[in-house]
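A quick write-up on the structure given underneath.
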Amino acid sequence: MSENNLSLVSRNFRRRIVPLLIWVLAVVAFAFAGQQQSSYQYAVGIVETSDVQIAPIKDGTIRSMRVDLFDSVEAGDIVAMMDDTLIAAELAIEEAQLNQLKAELYLERNRLESDMEFSTLDQLDELRRYQLDEEEARLEHVELRVDFESKQVKLERLKIQMDRQEMLVAEAIGSQSVYDDIRLRHKELKEELVTDQKALELAAKNIWEATRRRQERQKQSARPVQDTLVYLEPFLQQLKVQEAKRQEIQQESLTLVMRSPISGQVSQKFYGPGETILSGTPLISIQSKSAKRAIAYLDESSSVTITTGTEVQVRSVSRPNVVAKARVLRTGASMEELPPRIWSTPLIREWGRPVLIGDMPDGVFLPAETLNIRFK
């Protein structure tokens, strides 16, 4: 074959066969890519947010706030304190009533000892003395407890004042001397409470020993148990009433100090110091920084193939390089309207089946962040 014929065949091959091969390869590649694409389903989702609103249990006035907007808090941190004036007054009344009961028991002891000087000491008198010792030990324990709780209220108040003064000093607004004075009083009161705690433990031990002695002496008495216990019954009932009041005041004082139930950030603040709010009215809102779940929305035709445990890939819309693996926890039972922020067209409402995505790595995605989710 001549060179001209070979050149002609080569040109015809390039003009006709090569484009045909390229077209065939393109169709195959497109079909393959479509097949790979069809093995995945896509959806838009929003990272779940966890907000906790803190509200007082009883009506009252806000004494102080320890947090401000966007402050970070840990679970258990004090965020606010309600006015404790009423609690302080109730504790003072309780202390006065205990002093009155203590004086009555003192007079009763003097009367008993006076009677025993001029009469023959019998078993009943001895048992009465043991009963008197027991009730005095109980009264001492209640007195110490009331004083301890009163100091605890003062300590919380000083703690809030100290933190506020420390913040003012750091901002060059407050006085260093005022801060030092409050800090010293807080330290001294805290040390007093440590000593008082030991005294409370000793008082509880004294009650146990006094009760044991009375029970042993009571077993030796020839009189029936109910007869020997009648002697100090009025004092015993008064002491029970005072103890019940003390416990009620203690529970009330606990409700005045509001703590954060979760670790997070203050997202909203509705009221401030000096304002009066009703019980159940939100004071502040705290948003958790942890985001391990998201809610995705699938169209009706795709949602039927998604099952619990299906692996997914989540990718941040605003940060495309942030990608993580997760899985389907549960699927919704019905179609729901999508949040407007993820509508394809702002004016056209969209619907989808909600899917709860979980096991996302902690600290990777922000609460309420928009995600692109690929279902395998």
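The values are calculated or read from the model by the stated rules, or taken from the named source; none is laboratory data. Note that the structure is a prediction, hence the values are computed from the model and not measured. Note that we place each Cβ from the backbone using ideal geometry, even for glycine, and neighbour counts take in every protein chain shown.
Return yes when E336 is farther than 30 Å from R66 by Cα, over 29 Å from the mean Cα position of the chain (by Cα) and modelled with pLDDT under 85 and no when it is not.
Details: farther than 30 Å from R66 by Cα: yes; over 29 Å from the mean Cα position of the chain (by Cα): yes; modelled with pLDDT under 85: no.
Criteria not met by E336.
Condition first: in a loop (DSSP other than H, G, I, E, B) and either of a type in the set (G, A, S) or modelled with pLDDT of 85 or more (or both). Can you find one or more residues in the range 121-134 that meet it?
No: the range 121-134 contains no residue that is in a loop (DSSP other than H, G, I, E, B) and either of a type in the set (G, A, S) or modelled with pLDDT of 85 or more (or both).
If I filter the range 273-283 for residues that are out of contact with any Asp or Glu (no Cβ under 7 Å at 6 or more places or on another chain) and part of a helix (DSSP H, G or I), do I get at least one hit? If you could, list the steps in order and put the result at the bottom.
Going through the range 273-283, the residues out of contact with any Asp or Glu (no Cβ under 7 Å at 6 or more places or on another chain) turn out to be 273-277, 280-283.
Those left that are additionally part of a helix (DSSP H, G or I): none.
Looking for residues that are out of contact with any Asp or Glu (no Cβ under 7 Å at 6 or more places or on another chain) and part of a helix (DSSP H, G or I), one finds none in the range 273-283, hence no.
Can you find a residue in the range 163-185 that is in a helix (DSSP H, G or I), at pLDDT below 85 and closer than 25 Å to I93 by Cα?
no
Have a look at R327, R319, R341 and point out the one that is assigned by TED's automatic domain parsing to the domain that holds G363 and part of a strand (DSSP E or B). It would help to see each step written out before you state the result.
Numbers: R319 fails: part of a strand (DSSP E or B); R341 fails: part of a strand (DSSP E or B).
Selected residue: R327, the only one of R327, R319, R341 that is assigned by TED's automatic domain parsing to the domain that holds G363 and part of a strand (DSSP E or B).
Output the number of residues of the range 30-53 satisfying the condition of being part of a strand (DSSP E or B), modelled with pLDDT of 85 or more and surrounded by 18 or more Cβ atoms within 10 Å (Cβ to Cβ).
So the answer is 5.
State all residues of the range 185-219 that are of a type in the set (A, V, I, L, M, F, W, C), more than 30 Å from the chain's Cα centre (by Cα) and either under 19 Å from I160 (Cβ atoms) or surrounded by 14 or more Cβ atoms within 10 Å (Cβ to Cβ) (or both); if no residue qualifies, say none. Show your work before the answer.
Start the filter on the range 185-219 by keeping residues that are of a type in the set (A, V, I, L, M, F, W, C), which leaves 189, 193-194, 199-200, 202-204, 207-208, 210.
Filter once more, keeping what is more than 30 Å from the chain's Cα centre (by Cα): 199, 202-204, 207-208, 210.
Hits for the range 185-219 are A199, A203, A204, I207, A210.
Which residues, counting only those in the range 293-316, are part of a loop (DSSP other than H, G, I, E, B) and either more than 32 Å from the chain's Cα centre (by Cα) or of a type outside the set (G, A, S) (or both)?
Result: R293, D299, V304, T305, I306, T307, T308, T310.
Out of all the residues in the range 242-269, which are in a helix (DSSP H, G or I) and either farther than 18 Å from M81 by Cα or of a type in the set (S, T, Y) (or both)?
Q242, E243, A244, K245, R246, Q247, E248, S253, T255
Considering the range 360-376 alone, what residues qualify as being surrounded by 16 or more Cβ atoms within 10 Å (Cβ to Cβ), part of a loop (DSSP other than H, G, I, E, B) and of a type outside the set (A, V, I, L, M)?
F365, P367, E369, listed by residue number.
Pairs only if they're at least six apart or on different chains, beta carbon under 9 angstrom, first in the range 51-67 and under 16 Å from Q287 (Cβ atoms), second of a type in the set (F, W, Y); list them, first residue then second.
Within 9 Å, the pairs are Q53/F270.
Quick check on the range 344-358: of everything there that is closer than 25 Å to S267 by Cβ and not β-branched (V, I, T), which residue is surrounded by the most Cβ atoms within 10 Å (Cβ to Cβ)?
P354
Restrict the check to the range 288-303 and report whether at least one residue is within 30 Å of R63 (Cβ to Cβ) and at pLDDT below 90.
For the range 288-303, residues within 30 Å of R63 (Cβ to Cβ) and at pLDDT below 90: present.
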